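**Student:** Please find one structure pasted underneath; my questions will follow.
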Amino acid sequence: MNKNEDYAILVNHVTKKFKVYYDKANTLKERIVFWNRKKPEERTVLEDINLKIRKGESVALIGVNGSGKSTLLKLMTKIIYPTKGKITTHGKLTSLLELGAGFHQDFTGRENIYFNASIFGLTKKEIDAKLDDIIKFSELEEFIDNPVRTYSSGMYMRLAFAVAINVEADIILIDEILAVGDQHFQEKCFAKLHELKKSGKTIVIVSHSLDSVKDLCDRAVWIYEGHIKEDGPTDKVVKDYLELCG
């Protein structure tokens, strides 16, 4: 067996740059003041990142806003691609990165379950078998046949999470989505993540809730200004992070 297949995610020398475009100058004064803003600036968000995540590991990506942790998660899902380097994943992947991404506003909750789950690769027969479990977990029984444009952000999150954790993926990627919704549902989500962790799923989560991170994750990776500042046991990395940034 290839040793690399022991890993769910391999990040090799990954750099990600974005072009920043400025608004075009409209008046003569703006043209004089901002004469050098014609060319877009290139911003390096991540630089030469190397990371190996074993199958079955639960890993937190922590760091202040703008450090690059959410960008790294998006690269893992292949929503965006590295400027340099390569990311390899082994296993079926599901993600909760943007609230309700993949939901069609005019479809009902029920229709969106079929639509969203099919994006994750489930057949209609497989979705039929899981439908009741998804609706029950979301606690949206009385709203499930309403268009999702009538849903609150908390209801969106419930439906998105309920679909994502029922597609039986090997790798689960989550970005701050659990910050939405009430305390009861957040606790229910984390209880489900603990269950998935025990069953051997790989979990990577971006969160500012450091208590939740310490509870769920064995390992934390601290991203600082586009680089990995520290990678190790969650308690130690969180402690060092709080000492510098807390």
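The values are calculated or read from the model by the stated rules, or taken from the named source; none is laboratory data. These numbers come from a predicted model, not from an experiment. In this analysis, Cβ positions are derived from the backbone assuming ideal geometry, glycine residues included, and neighbour counts consider all displayed protein chains. Keep in mind that these areas ignore ligands, DNA and RNA; they rest on the heavy atoms of the full protein, side chains included. Shrake-Rupley method; radii C 1.70, N 1.55, O 1.52, S 1.80 Å.
Rundown of residues vs (1) without any contact (Cβ under 8 Å) to a residue 12 or more places away in the chain; (2) among the hydroxyl-bearing types (Ser, Thr, Tyr); (3) closer than 22 Å to Ala160 by Cα, yes/no style:
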{"position": "His184", "(1), (2), (3)": "yes, no, yes"}
{"position": "Cys189", "(1), (2), (3)": "no, no, yes"}
{"position": "Asp218", "(1), (2), (3)": "no, no, no"}
{"position": "Asp231", "(1), (2), (3)": "no, no, no"}
{"position": "Tyr241", "(1), (2), (3)": "no, yes, no"}
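**Student:** Just a yes or no: is a residue in region 197-207 open to solvent by 10 Å² or more (accessible area, probe 1.4 Å), on the phi > 0 side of the Ramachandran plot and more than 18 Å from the chain's Cα centre (by Cα)?
**Tutor:** yes
**Student:** Kindly indicate the residue of region 138-180 that is surrounded by fewer than 20 Cβ atoms within 10 Å (Cβ to Cβ) and closer than 24 Å to Val213 by Cβ and also nearest to the chain's Cα centre (by Cα) among those meeting that condition.
**Tutor:** Checked region 138-180; the qualifying residue nearest to the chain's Cα centre (by Cα) is Glu176.
**Student:** Taking the condition of being hydrophobic (A, V, I, L, M, F, W, C), within 11 Å of Val167 (Cβ to Cβ) and either open to solvent by less than 30 Å² (accessible area, probe 1.4 Å) or modelled with pLDDT of 95 or more (or both), how many residues in region 107-137 meet it?
**Tutor:** The total comes to 5.
**Student:** OK, next. Just one of the numbered conditions (1) without any contact (Cβ under 8 Å) to a residue 12 or more places away in the chain; (2) of a type in the set (Phe, Trp, Tyr); (3) part of a helix (DSSP H, G or I) is not true of Tyr114; which one?
**Tutor:** Among (1) without any contact (Cβ under 8 Å) to a residue 12 or more places away in the chain; (2) of a type in the set (Phe, Trp, Tyr); (3) part of a helix (DSSP H, G or I), Tyr114 violates only (1).
**Student:** So, one more: Select from region 138-179 the residues that are under 16 Å from Thr94 (Cα atoms) and of a type in the set (D, E, K, R) and write down the one among them that is modelled with the highest pLDDT.
**Tutor:** Asp170
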